[in-house]
Amino acid sequence: MRRDLIRQLLYDMVLARLFEQAAAEQYALGRIAGFLHLYPGEEAVAVGTLRAADPGDYVVSTYREHVHALVRGTPPEAVMAELFGKATGCSRGYGGSMHLFDAERRFLGGYAIVGETFSVAIGVGYWLAMNGEPDAVLCYFGDGAVNQGTFHESLNMAALWKLPVLFVCENNHYQIGTEIHRHSAVAEVWRRACAYGMEARRVDGMDVLAVHEATRDALRHVRAGNGPYLLECETYRFRGHSMADADAYRSALELAELRARDPVEGLRRRALAEGWVSEEEVEAIETRAREAVEAAVRHAEQAPEPAELHRDVYVQPVDLYSPEIPARRAAR
Amino acid sequence: MTGSRRKREGGNLGLVAPAEPRPELMTWEALNIALDRAMARDESVFVIGEDVGLYGGSYRVTQGLYAKYGEWRVRDTPISENSFTGLGVGAALVGGRPVVEIMTVNFALLALDAIINMAAKLRYMSGGQLTVPLVVRTPGGVARQLAAQHSQRLEHTLLNVPGLRIVAPGTPQDAYWQLLQAIEADDPVVVLEHELLYFEKGPFDPDAPPPPMHAAAVRRRGRDVTLVAWHRMVGVSLEAAEALAREGIEAEVIDLRSLRPIDLPLLLESVRRTHRLVVVEEDCRFGGAGAEIAAAVGEAAFFDLDAPVLRVAGEDVPTPYNGKLEAASIPDAGRVVAAVRRLLGRERPAAAPAPRAGGERT
Ligand SMILES: Cc1ncc(C[n+]2csc(CCOP(=O)(O)OP(=O)(O)O)c2C)c(N)n1
Ligand SMILES: [Mg+2]
């Protein structure tokens with residue numbers, strides 16, 4: 001096992017956990033508003049998949065996407081500033097938590113309507129295939145999204161035209177408060193891919209190394225021109241669906257069992273046990289991540305707010321709607 | 001399917017229409033030439049939709065393109081409107097200039113997530129990082145007894161969406177110009193086409209310099225009243241203007257051409273001369289484009305108006321199948337004439353035909 005990869009994964013996992021904890025705190029302080037969907041428990045999915053991807057690959061994600069942006073390389077300052085609605089945010093304060101974008105890093109968002117990521121991803125994939133580009137698209141979605149029409153529509157087209165798309169299911173077993181057996185007739189998402197003749201498999205989404213390896217294999221398949229692939233990552237979220245969720249539909253026992261499989265803890269333990277990293281290295285990584293998050297919060301607090309309401313609605317705006325409104329009858 | 005009635009000479013073996021000036025050309029040919037031009041000069045332009053390829057398009061608009069440009073640039077899709085429109089959005093984000101054909105606006109209702117939630121929002125939500133140079137072409141309007149699910153107009157839905165541009169070409173020349181401009185535009189543009197205009201003819205010059213995509217056009221000069229319309233209702237208004245002229249009433253007829261934005265300056269210039277405005281609109285009256293036009297003109301030119309702005313609009317009913325009732329559900333020249341007479345206080349001269357009954361009102 002490559003030590004630098006392990007160190008990178010560990011840093012990403014710790015950063016992801018600490019960043020989301022800080023976001024929750026800042027939300028409680030009233031500095032972050034709106035809907036805030038956090039990722040603790042699911043870190044191995046974004047980290048494992050995105051570290052197996054190339055920088056040239058495109059990423060299309062959902063509203064639970066802070067960690068995807070961070071792993072892609074969007075600076076924590078820019079992500080936190082976006083959550084604060086500040087002008088230095090990665091969407092300049094116009095998108096918020098659910099709409100992070102970083103075009104330079106091929107991070108295409110940030111979609112808050114469940115099921116949208118499928119069609120955007122096949123569009124990017126279509127363009128890549130049409131032009132014979134070597135890059136792929138990573139398309140993220142939850143277990144709840146697979147009952148949306150676009151899942152079926154888009155998987156069909158992706159398979160039909162052999163588009164270079166890796167569909168990554170973040171199966172955290174819940175669609176807000178509805179457990180997967182109560183929302184899906186077939187609860188194993190990967191099995192649905194066979195309807196489109198698509199390669200698929202399920203991987204332990206709490207094990208970042210397993211996710212990383214499965215993604216590498218899947219992307220090899222995709223890049224070889226074999227068409228799309230569906231990778232189901234079985235995972236859990238430790239917090240409620242969003243900050244608005246009191247999380248009353250899961251038992252304490254269920255949560256305790258999940259936490260015992262903590263993916264961040266799991267990687268740390270394994271890396272130490274295998275001798276891939278030393279205690280000192282782990283500490284240094286944790287310190288570095290903590291400092292990055294603290295710096296991000298400091299930055300976001302001090303960053304300016306965006307001021308312009310009417311920018312970027314159109315690339316080429318045409319304003320025909322400001323005729324002088326006459327205050328009173330003019331002589332005529 | 002809406003296009004199935006017409007005769008197909010040539011079918012999928014047909015060629016792209018030749019791009020040369022002609023005294024008369026049909027709208028579908030003008031659109032066909034525009035697509036061919038755009039695809040020939042820019043490899044990022046591609047066409048996608050149901051039966052646009054091998055079949056040649058429900059209204060022949062993509063005829064010959066499949067043979068010329070191949071299946072990646074002229075892609076037949078499954079019946080998955082929301083996803084293939086979303087595919088257009090995704091491709092537009094990374095360098096493509098997709099032209100999505102949605103067979104009719106009635107089916108575009110299934111793609112509103114891609115159009116409204118995505119195409120119209122992504123530039124703004126991303127803080128200006130992304131652009132969505134997407135074109136959605138879609139035919140609509142009351143055609144010939146296609147009944148309520150196949151006769152809708154979508155202006156009312158799309159008008160209220162900042163981020164979109166909406167054009168409504170009513171002549172072959174405008175169809176050609178505005179489709180080319182839509183493809184060149186960096187913003188998402190919905191090109192609303194009218195099903196009954198595809199086989200209407202008009203003069204055509206592929207090299208004539210176009211007006212701006214959003215500009216309205218005066219189709220007839222007049223001093224007594226301004227009629228504003230788009231698509232088929234321009235023809236209806238011109239017909240009404242002819243009839244009014246015989247009564248000594250000179251109506252100005254404006255073809256709006258664009259519904260977002262609306263060329264308000266041109267409308268106001270006209271209304272300040274005629275002091276009266278009638279909006280002639282095929283879409284249903286309630287909450288439609290006509291309401292926006294009336295409000296905008298009322299705000300800006302209240303003191304120039306000698307009468308309230310009137311709407312002659314589609315009746316607020318689902319479109320009936322029965323042919324006589326269908327005709328009664330949308331404006332015709334007689335109703336426009338009646339409205340103008342009412343506006344001018346010259347109701348019912350002895351020789352005039354009675355206006356068509358409006359039917360039940362809600
Ligand atoms: C089309 C649509 N319907 C409903 C919602 C409200 N909603 C937001 S998240 C969510 C649950 C999604 O569950 P899943 O896809 O499993 O993703 P997770 O949040 O678990 O990551 C719902 C119903 C939405 N955003 N979009
Ligand atoms: Mg879920």
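The values are calculated or read from the model by the stated rules, or taken from the named source; none is laboratory data. Predicted, not measured: the structure shown is a model, and the values here were computed from it. With ideal geometry, Cβ positions are generated from the backbone for all residues, glycine too; neighbour counts draw on all protein chains shown. When the accessible area is computed, the model is the full protein with side chains, heavy atoms only, and any ligands, DNA or RNA have been set aside. Shrake-Rupley method; radii C 1.70, N 1.55, O 1.52, S 1.80 Å.
Peptide A:309-317 has a mean of 6 when you count, residue by residue, the C-beta atoms of other protein chains within 10 Å of its C-beta.
Across segment A:194-323, C-alpha contacts under 8 Å between residues 6 or more apart give a mean separation that, scaled by the residue count, equals a relative contact order of 19 percent. Over segment A:1-75, the reciprocal of the mean inverse Cα-Cα separation, the Kirkwood hydrodynamic radius, stands at 13.1 Å.
With the convex hull drawn around the C-alpha atoms of segment A:85-240, the volume per residue stands at 122 Å³.
Histogrammed with a bin width of 10 Å, the alpha carbon distances of segment B:4-204 distribute as 9, 39, 39, 12, 1 percent, first bin at zero. Ignoring lysines fewer than eight residues from B:Lys201 along the same chain, the ones with Cα atoms less than 29 angstrom from its Cα are B:Lys7, B:Lys68, B:Lys324. Dividing the mean sequence gap of close Cα pairs (under 8 Å, 6+ apart) by how many residues chain B holds gives a relative contact order of 14 percent.
Note that segment B:217-343 carries a Kirkwood radius of 14.4 Å, evaluated over its alpha carbons pair by pair.
The phi-based Karplus calculation (6.51 cos²θ - 1.76 cosθ + 1.60; θ = phi - 60°) puts the 3J(HN,Hα) values of segment B:186-197 at 8, 9, x, 10, 9, 9, 7, 10, 10, 4, 8, 9 Hz, whole numbers, x for Gly and Pro.
On full extension, the segment bounded by A:Val315 and A:Leu29 gains 99.3 nm, given 0.36 nm per residue less the C-alpha separation. Protein heavy-atom surface of the protein assembly as shown, 1.4 angstrom probe: 51% of the accessible area is carbon and sulfur, with nucleic acids and ligands not counted. What the phi angles of segment A:58-63 give under the Karplus curve with 6.51, -1.76 and 1.60, with θ = phi - 60°, is a coupling list of 8, 10, 10, 10, 8, 7 Hz, glycine and proline written as x. Counted over segment B:146-244 with a bin width of 10 Å, the fraction of Cα pairs per bin, in whole percents, is 13, 41, 35, 11, 0.
Projection of the Cα convex hull of chain B, averaged over all directions and equal to a quarter of that hull's surface, yields 18.1 nm².
So if R0 is 60 Å, what FRET efficiency would A:Thr287 and B:Arg272 give, r being the distance between their Cβ atoms, rounded to the nearest 0.05? About 0.25, to the nearest 0.05. Taking every residue in B:76-83 and counting other chain Cβ atoms within 10 Å of its Cβ, the average works out to 6. The mean number of Cβ atoms from other chains found within 10 Å of a Cβ in peptide B:128-138 is 3, as a whole number. If you plug the beta carbon distance of B:Arg246 and B:Phe302 into 1/(1 + (r/R0)^6) with R0 = 35 Å, you get a FRET efficiency near 0.65. Taking the three principal axes of the alpha carbon atoms in segment A:3-331, the coordinate ranges are 88, 48, 40 Å, sorted in descending order. Test of understanding: extend the Cα→C-beta vector of A:Arg261 to 7 Å, then name every residue of segment A:146-167 with backbone N under 14 Å from that spot. In segment A:146-167, the label zone of A:Arg261 (backbone N under 14 Å from the point 7 Å along Cα→Cβ) covers no residue.
Could you work out the Kirkwood radius for segment A:265-309, taking every pair of different alpha carbons, averaging 1/r and inverting it, reported in Å? Across segment A:265-309, the inverse of the average 1/r is 12.9 Å.
A simple spin-label model places pseudo-atoms 7 Å from Cα toward Cβ; at B:Lys68 and A:Glu305 they are separated by 5.4 nm. Give me the distance between the Cα centres of segment B:242-300 and segment B:142-192, rounded to whole Å. Taking the Cα centre of segment B:142-192 as reference, the centre of segment B:242-300 is 18 Å away. Among the residues of segment A:109-141, those with an accessible-area drop of 30 Å² or more from chain alone to full protein complex, heavy atoms and 1.4 Å probe, are A:Tyr111, A:Ile113, A:Glu116, A:Ser119, A:Val120, A:Gly123, A:Tyr126, A:Trp127, A:Met130. Quick one: which bits of segment A:151-187 get at least 30 Å² less accessible when the partner protein chains are in, versus the chain alone, with a 1.4 Å probe? Checking the loss per residue gives A:Glu153, A:Met157, A:Trp161. Once the 1.4 Å probe is applied to the protein heavy atoms, the protein assembly as shown comes out at 39 Å² accessible per residue.
Among beta bridges from DSSP that stay inside segment B:4-204, the antiparallel ones total about 15%.
Restriction of the trypsin sites (Lys or Arg not before Pro) in segment B:134-212 to DSSP coil positions whose beta-carbon has at most 12 other beta-carbons within 10 angstrom yields B:Arg144.
Once the Cβ-Cβ distance of A:Asp245 and A:Ala187 is raised to the sixth power relative to R0 = 25 Å, the FRET efficiency obtained is 0.70. Per the accessible-area calculation with a 1.4 Å probe, the total area buried between chain B and chain A rounds to 4700 Å².
Let me know the longest stretch in chain A that avoids all GluC sites (Glu not before Pro) found in a DSSP loop with at most 14 other C-beta atoms within 10 Å. Result for the longest clean stretch: A:1-187.
The value of relative contact order for segment A:3-331, using C-alpha pairs under 8 Å at least six residues apart, is 24 percent. For a test of the definition: using alpha carbon positions, the gyration tensor, and the 1.5 limit on a/c, classify segment A:1-136 as rounded, prolate or oblate. The shape class here is oblate.
The order of B:Lys68, A:Lys86, B:Lys121 by accessible area, most exposed first and with a 1.4 Å probe, is B:Lys68, B:Lys121, A:Lys86. For segment A:55-120 versus segment A:1-35, the inter-centroid distance based on Cα atoms is 14 Å. Here the ratio of the Cα radius of gyration of the protein assembly as shown to 2.2 N^0.38 Å is 1.09.
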